[in-house]
Number of protein chains: 2
Amino acid sequence: MSTLEQTLATIPRTPPQGIADAVRERWDSLTKPRGSLGRLEESIVRLAEIQNTTKPTTERRAMYVFCGEHGITEEGVSLYPSVVTREMVKNFVRGGAAINVLCRHHAIQTFVVDAGVSGPKFEGTLDRRIAEGTRNFLHGPAMSRGQALAAIESGIELAGEAAERFDITGVGEMGIGNSTSASAILCVFTGATPDEATGRGAGLDDAGLAHKCNVLTAALAKHACDAADPLAVVSAFAGFEIAMMAGFILGAAAHKLPVVIDGFISGAAFLIARAFYPAIAAHVFFGHRSAEHGHARLLETGHAPLLDLGMRLGEGTGAALAIGLLTSAVSLYREMATFAEAAVSDTNQKESTSK
Amino acid sequence: MSTLEQTLATIPRTPPQGIADAVRERWDSLTKPRGSLGRLEESIVRLAEIQNTTKPTTERRAMYVFCGEHGITEEGVSLYPSVVTREMVKNFVRGGAAINVLCRHHAIQTFVVDAGVSGPKFEGTLDRRIAEGTRNFLHGPAMSRGQALAAIESGIELAGEAAERFDITGVGEMGIGNSTSASAILCVFTGATPDEATGRGAGLDDAGLAHKCNVLTAALAKHACDAADPLAVVSAFAGFEIAMMAGFILGAAAHKLPVVIDGFISGAAFLIARAFYPAIAAHVFFGHRSAEHGHARLLETGHAPLLDLGMRLGEGTGAALAIGLLTSAVSLYREMATFAEAAVSDTNQKESTSK
C-alpha cells in the first residue's frame with residue numbers, strides 16, 4: 001500500500017460524534033443573541049470537528065508556501081518572466097514579501113517549500129525539490145507519473161510533520177505560470193471551458209488573456225485526460241508546488257490538521273485532493289474569494305470562503321488573513337462570558353416572547 | 001455658531017492633494033502584481049486621505065460602544081427585555097462580552113459610553129447620559145430636540161478627545177429595541193418601506209417580525225418627519241446612543257480621525273451624519289455586511305463593507321474585526337519590500353509582454 005493509499009484510508013470518514021452539538025451548545029450559552037456571530041460560529045464548529053475536540057485551538061499556526069517553476073511559461077502565458085519565481089523565493093527567505101508581513105503580523109510560522117525551483121538551492125527553504133521546473137505541457141506531460149506521486153507524497157509527509165507542531169496551517173504558492181496550470185486542472189475536474197477557467201493571473205492584458213486561453217485550449221486537446229485518473233491529470237498539467245499542496249491537504253486531513261486554502265492555485269490543489277478523496281471539503285477552509293477569473297467556478301466545488309477582498313496575489317495571503325479571522329473566532333468561543341456567568345437574562349431559553 | 005455647525009464647517013471638503021497618488025505609487029513599487037491586494041490597497045488609500053498623510057497608521061486603536069435604553073421596547077419589538085441593556089453594560093465593564101474579547105485580541109482600547117441607560121450609574125463607563133432611556137416613539141417623539149442636539153454634540157466632543165489619543169476608532173452600540181429605531185431612521189432617510197427596513201434584531205420569530213413592522217408603520221405615520229430636518233428625525237426616532245454615534249462620526253471627520261462603522265444600528269447613525277453632511281462616506285469605513293434585513297438597503301448609501309460573515313451582534317464586533325484587517329493592510333503597506341529592494345524583476349514597469 002503506497003503512502004498515498006494509506007493516507008486516503010486514514011482520513012476520518014464521518015465527523016466525530018457529538019462535537020458539533022457540544023460546540024453549538026457552548027456558542028448558545030454565551031452572552032449574545034443565538035447565531036449572531038454567523039460564519040464565525042460555523043467555522044468553529046468545523047474547526048472542532050476537524051480537530052476532534054470541543055476546545056478547538058489555532059494557537060500554533062503555520063503557513064506553507066510551495067514554490068515551483070513551470071515549463072508552460074515558454075509560451076508567454078504570464079506577465080512576469082519565469083525567473084521571478086526564483087527571485088520571489090529569495091524575497092520570501094529574506095522576509096520581504098506580502099506573505100511574510102502577514103505571517104509576522106498574525107504570528108504564523110512561515111515555511112518556504114522548494115517543490116521545483118531551478119538553479120542552486122536556497123538556504124532557508126525546505127528542500128523538497130522534485131525537479132528544476134516542470135516541462136512545457138503544450139508539448140507533453142508536465143511531469144512523469146512517478147514525479148507526480150513523489151510530489152504528492154512529499155506533501156503528505158510535510159503535513160505529517162506539521163501536525164506534530166501546529167494546530168492550523170495555511171497553504172499558498174509561488175510559481176510564475178501556475179495559473180495556466182490551475183486553469184487546466186479546473187477544466188478537467190469541473191468541466192469548465194477554457195474561457196471560464198482562464199484569468200489574467202498577475203495582470204495580463206486582453207491580448208495576453210486571449211493567447212493564454214488559446215494555449216490552454218491546445219494543451220487540453222493534446223492530453224486526453226481522464227478525470228477519474230487524478231495522477232494522470234497531475235502528470236499532464238500540474239506544477240510540483242500544486243501537486244505537493246494537494247498531498248499536503250490530504251495528509252493534513254488524515255492527521256486532523258485543519259488547512260486553510262488560499263486562492264485559485266491552491267484551489268486547484270484542492271480539486272486534485274478532492275479527486276482522490278471526494279469528501280475532502282469537510283476537512284478544509286477556503287480563505288478568500290480571489291479576483292482571478294475562474295475562482296468562482298472553482299469555489300462551487302466547496303463551501304463559501306471567509307473573505308472577499310478582491311485579492312489575487314497568492315503566496316497564501318488570503319489564507320493568512322483567514323487564519324487571523326479564525327483565531328479571533330476561537331478567542332470569542334473560549335473567552336466570552338456565558339449568560340449565567342454574566343447574570344444576563346437569556347430570553348432565548350424560552351420561546352420568543354414578542355407579542 | 002453651535003458646536004454642530006462649527007464641526008460641519010470644519011470637515012475637509014476635498015481629499016488632500018496628492019495623497020492618493022503617492023499611496024498608489026508606493027503600493028505599485030512593492031513586490032506583488034499591481035493591484036493584487038485588492039480592497040486592502042484601496043482601504044489604505046482612503047485611510048491615508050482621511051489622516052492626510054502618505055504614512056497612514058492604525059497603531060493606536062479604540063472602540064466606542066454607545067449604550068442606551070429605548071422606550072419603544074414597551075411595544076414588545078424585541079426578543080430580549082429592556083433590562084438586558086443594563087446587564088450587558090455590566091458585562092462590557094467586566095470584559096466578558098464579544099466586543100471585549102475582540103478588542104483585547106486586536107489591542108483596541110474599549111470605551112463603554114453611557115448615552116442613556118437607566119438606574120444607578122456604572123463605574124468604568126464614560127458617563128454621557130442624556131436621560132434614562134428614550135420615550136416610546138409610538139406615542140410621541142423619542143426625545144426632545146434639545147436632547148437630540150445634546151447627544152450629537154456629546155458625540156462630537158468624544159471624537160475630539162479620541163482624535164488626540166488614537167489613530168483609528170470603531171463605533172458600536174448596545175440598546176435593546178434599537179433596531180426598531182434604526183429601521184425608522186432608514187425609512188425616513190432612504191425611502192425604504194417598513195417591510196424593507198424591518199429585521200429580526202436579536203432573533204424575533206415571524207410573528208414578532210410582523211408585529212415589529214406594524215409598530216414601525218404606525219410610528220412612521222405618527223411622525224410626519226422631514227428628512228431635510230435631520231434633528232427632527234433624531235428627535236422622533238433615535239436612541240441616545242444612535243444620536244451620539246452620529247455626532248461621533250461627524251466629529252471624527254472634522255478631526256481627520258478614521259471611524260469604522262459596525263453594522264445596522266451604527267449604520268443608522270451614519271445616515272444621520274450623512275443627513276447633516278452629505279459627503280461623509282469618504283471619511284468612514286463600513287466594517288461588515290450585517291445579516292440584519294435592511295442593512296443591504298442601508299449600505300447602498302455608502303461604499304462596500306470590508307467583511308461579510310453573516311454577523312448580526314452589534315456592539316462594534318464587525319468594526320473590531322475590520323480594524324484588525326485594516327491593521328494587517330497597514331503592515332503590508334509599510335513593511336513589504338519594494339521591487340528594487342528585493343531585486344525582483346518588475347515587468348509591470350513595461351507594457352504587458354505576453355505574446
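Things to note:
- A single entry from B:Glu42, B:Glu59 fulfils the requirement of being part of a helix (DSSP H, G or I), modelled with pLDDT of 95 or more and of a type in the set (D, E, K, R): B:Glu42.
- With respect to (1) over 30 Å from A:Val101 (Cα atoms); (2) touching a strand residue (DSSP E or B) at 6+ places or on another chain (Cβ under 7 Å); (3) of a type in the set (A, V, I, L, M), the lone exception for B:Ile72 is condition (2).
- If the condition is being buried (at least 19 other Cβ atoms within 10 Å of the Cβ), away from every other protein chain (no Cβ under 14 Å) and of a type in the set (S, T, N, Q), then the range B:17-52 contributes only B:Gln51.
- Filtering the range A:98-125 to residues that are in a strand (DSSP E or B), crowded, with 17+ Cβ neighbours inside 10 Å and either free of Cβ contacts under 8 Å to residues at least 60 places away in the same chain or of a type in the set (Asp, Glu) (or both) leaves A:Thr110, A:Phe111, A:Val112, A:Asp114.
- Looking only at the range B:58-84, and only at residues there that are within 19 Å of the chain's Cα centre (by Cα) and β-branched (Val, Ile, Thr), the one that is nearest to B:Leu126 (Cα to Cα): B:Val65
Conditions (1) farther than 28 Å from A:Ser29 by Cα; (2) surrounded by fewer than 23 Cβ atoms within 10 Å (Cβ to Cβ), marked per residue:
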| position | (1), (2) |
| --- | --- |
| A:Phe240 | yes, no |
| A:Ala252 | yes, no |
| A:Lys256 | no, yes |
| A:His288 | yes, no |
| A:Glu292 | yes, no |
| A:Ala296 | yes, yes |
| A:Leu309 | yes, no |
| A:Ala343 | no, yes |
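- The range B:126-149: number of residues that are outside any loop (DSSP other than H, G, I, E, B) and surrounded by fewer than 19 Cβ atoms within 10 Å (Cβ to Cβ): 4
- Among the residues of the range B:300-321, those identified as within 15 Å of A:Leu307 (Cα to Cα) and facing chain A (nearest Cβ under 8 Å) are B:Leu306, B:Leu307, B:Asp308, B:Leu309, B:Gly310, B:Met311, B:Leu321.
- Candidates A:Gly203, A:Gly191, A:Gly172 - the one that is farther than 20 Å from A:Pro81 by Cβ and within 14 Å of chain B (Cβ to nearest Cβ): A:Gly172
- Verdict on A:Met63 being free of Cβ contacts under 8 Å to residues at least 12 places away in the same chain and under 25 Å from A:Ala275 (Cα atoms): no
- Residue among B:Ala182, B:Ala163, B:Ala236 that alone is touching a His at 6+ places or on another chain (Cβ under 7 Å), buried (at least 24 other Cβ atoms within 10 Å of the Cβ) and of a type outside the set (D, E, K, R): B:Ala236
- Qualifying residue in the range A:224-241 (condition: within 14 Å of chain B (Cβ to nearest Cβ) and either in contact with a Ser or Thr (Cβ under 9 Å, 6 or more places away or on another chain) or free of Cβ contacts under 8 Å to residues at least 24 places away in the same chain (or both)): no
- Helices (runs of 4 or more DSSP H) completely within the range A:277-348 that count 2 or more residues being touching a residue at least 24 places away in the same chain (Cβ under 8 Å) and closer than 24 Å to A:Val112 by Cα: A:317-335
- Test: B:Asn52 is at pLDDT 95 or above and at positive phi: yes
- Qualifying residue in the range B:4-25 (condition: among the polar types (S, T, N, Q), outside the structural domain of B:Met244 (by TED's automatic domain parsing) and either more than 23 Å from the chain's Cα centre (by Cα) or not in a helix (DSSP H, G or I) (or both)): yes
The values are calculated or read from the model by the stated rules, or taken from the named source; none is laboratory data. Note that this is a predicted model, so its numbers are computed, not measured. Cβ atoms come from the backbone with ideal geometry, glycine included; neighbour counts cover every protein chain shown.
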